[in-house]
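Below is one structure, written out as structure tokens; comments come after it.
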Amino acid sequence: MPGILGSFEQLVLLAILRRGDGAFANAVREELEEGGGRPVSRGALYRTLDRLEEKGYLESIFEGSVIPERGGHPMRRFSVTDRGIDQLKASRATLLRFWDGLGRVLSDQ
């Protein structure tokens, strides 16, 4: 398994998991902006979604839209694959190893 995921890749996968069946791009973007406290460009998000899908960490399906403003244009719903879950777990374990023992250095006290 390759090294750890990039931080934005991790956040995107986690946002998709948090949104569950409602993991459409705009909802994922909202989750990222609310949780991260900073704006996320559509371009950066779509490039990352495509890259994660190419790596096999995500899959997507197109569904017809019920949102009147979309005029029935399809929306892409994302889900994290088992491979993506495994990669998140590996990334988390690697990061925790690096954080271990640094509590005093990084604490406010």
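Quick note: the coordinates plus some simple rules give every number you see, no bench work behind them. As the structure is a computational prediction, the values presented were derived from the model and not from experiment. Neighbour counts run over all protein chains shown; Cβ positions are idealised from the backbone, glycine included.
What is the sum of charges, Lys and Arg at +1 and Asp and Glu at -1, for the other residues whose Cβ falls under 13 Å from the Cβ of residue 35?
Overall, the nearby charge balance is 0.
Among 40, 80, 12, the largest mean-square fluctuation in a Gaussian network model of the chain (Cα springs under 10 Å) belongs to 40. Axis of helix 82-99 versus longest Cα principal axis of the chain: the two differ by about 30°, to the nearest ten degrees.
Per residue of the chain, the DSSP helices (runs of n ≥ 4 H) give a summed -39500 (n - 2.57) that works out to -17000 deg cm²/dmol at 222 nm.
Three principal axis extents of the chain based on alpha-carbon atoms, in descending order, are 55, 32, 22 Å. What the phi angles of the stretch 24-29 give under the Karplus curve with 6.51, -1.76 and 1.60, with θ = phi - 60°, is a coupling list of 8, 3, 5, 5, 5, 4 Hz, glycine and proline written as x. Build a GNM of the chain with springs between Cα atoms under 10 Å apart, and of 76, 42, 97 the one that fluctuates most is 97.
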